[in-house]
Amino acid sequence: MSKFRGAFVAIVTPFTDDGRIDEKGLRELIEFQIESGTHGIVPCGTTGESATMSHEEHHLVVELTIDQVNGRVPVLAGAGSNSTSESIELTRHAKEAGADGVLLITPYYNKPSQEGLYQHFKAISDAVDIPMILYNVPGRTSVNMLPATVARCTELPNVVGIKEATGNLNQVSEVIRLCPDDFAVMSGDDFTAMATVAIGGTGVISVVSNVAPAEMAKLMELSLAGDFAAARKVHYRLFPLMQAMFMDTNPVPAKAALAMMGRIANPAPRLPLAPLGADAQEKLRRIMNGFGGLI
């Protein structure tokens with residue numbers, strides 16, 4: 001059975017008021033996640049603001065996460081880039097640091113062809129022997145890795161799964177249909193997490209898990225057990241919160257929510273992202289109050 005199964009949190013990276021990595025704050029967030037039943041931690045993903053980190057900061061966050069987790073749950077380290085050589089360097093570091101696998105986004109901005117996508121992942125797989133989860137999020141990258149290309153990538157020895165963040169269950173179904181039975185297909189959108197498991201997926205890499213980790217873990221456990229009547233109740237309880245996490249660019253609402261919960265000291269993302277505006281903050285607070293038990 002794949003270790004990439006259940007609710008993995010795409011964890012935010014807290015920063016200090018002067019813009020440095022808040023190491024103590026990140027360790028505390030990781031403990032909150034593990035104590036709440038989260039099944040895996042994903043540092044340095046989109047939600048972790050990896051695009052604005054230096055290599056030194058990226059290395060630090062991955063190393064700190066692995067140290068704090070201490071083998072209790074899998075760590076899937078973000079290692080993707082729009083530069084293949086940079087992706088190889090970040091992947092090599094993740095392996096040396098002891099990550100259980102890496103999350104590799106399709107190259108953004110360059111807009112590679114399907115052949116270019118395959119050759120990119122082949123080069124990384126050839127260079128570093130570590131389990132690799134591909135990450136398809138066309139809304140961020142302007143390129144959609146098609147199911148046939150995903151299936152072709154499964155022939156690479158280290159490619160073991162994909163985070164599918166198209167929000168398109170037709171595409172998710174085609175990926176599952178074309179790929180081997182042991183290939184892990186994880187939803188990259190909270191609102192399709194239950195549905196993805198229902199059609200054969202293995203879990204979710206979640207934003208809302210930052211705020212409600214116990215509930216998202218429960219949703220995935222029920223879904224993976226086939227108890228969809230109970231899972232639907234959890235899904236619809238979480239649904240307003242899932243929507244709230246995208247009232248502004250991710251991770252802006254998640255960081256604002258965590259600050260409201262007293263889980264991080266500074267909700268500010270790094271530029272070019274801006275903090276959540278006052279009206280949106282009030283709306284978010286109402287939604288969190290309606291969920292109950294968060295603030």
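Just so you know, all these numbers are worked out from the coordinates, no wet-lab data involved. The structure presented is a predicted model; accordingly, all values stated were derived computationally and were not measured.
Computed values, structure above
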| read-out | value |
| --- | --- |
| Kirkwood estimate for the stretch 104-216, i.e. one over the average of 1/r between Cα atoms, Å | 14.2 |
| Binned Cα-Cα distances of the chain, short to long, each 5 Å bin given as a whole percent | 1, 6, 13, 17, 20, 18, 14, 8, 3, 1 |
| Amide H contacts of Thr106 (H built 1.01 Å from N, under 5 Å, at least 5 apart or other chain) | Tyr135, Val137 |
| Per-residue HN-Hα couplings for the stretch 64-81 [Karplus 6.51, -1.76, 1.60; θ = phi - 60°; Hz; x = Gly/Pro] | 4, 4, 4, 5, 5, 5, 6, x, 6, 9, x, 10, 10, 7, x, 9, x, 6 |
| Interchain or long-range residues, amide H under 5 Å from Ser206's placed H | Phe8, Val9, Ala10 |
| Vicinal HN-Hα couplings computed from phi for the stretch 10-23 (Karplus, 6.51 cos²θ - 1.76 cosθ + 1.60; Hz; Gly/Pro x) | 7, 6, 5, 9, x, 10, 6, 4, 9, x, 8, 5, 8, 5 |
| Hz values of 3J(HN,Hα) by residue in the stretch 146-155 - Karplus curve (6.51, -1.76, 1.60), Gly and Pro given as x | 6, x, 5, 6, 4, 4, 5, 5, 5, 6 |
| Spatial separation of Cα centroids for the stretch 258-285 and the stretch 64-120, in angstrom | 27 |
| Rounded to 5, percent antiparallel among DSSP beta bridges of the chain | 5 |
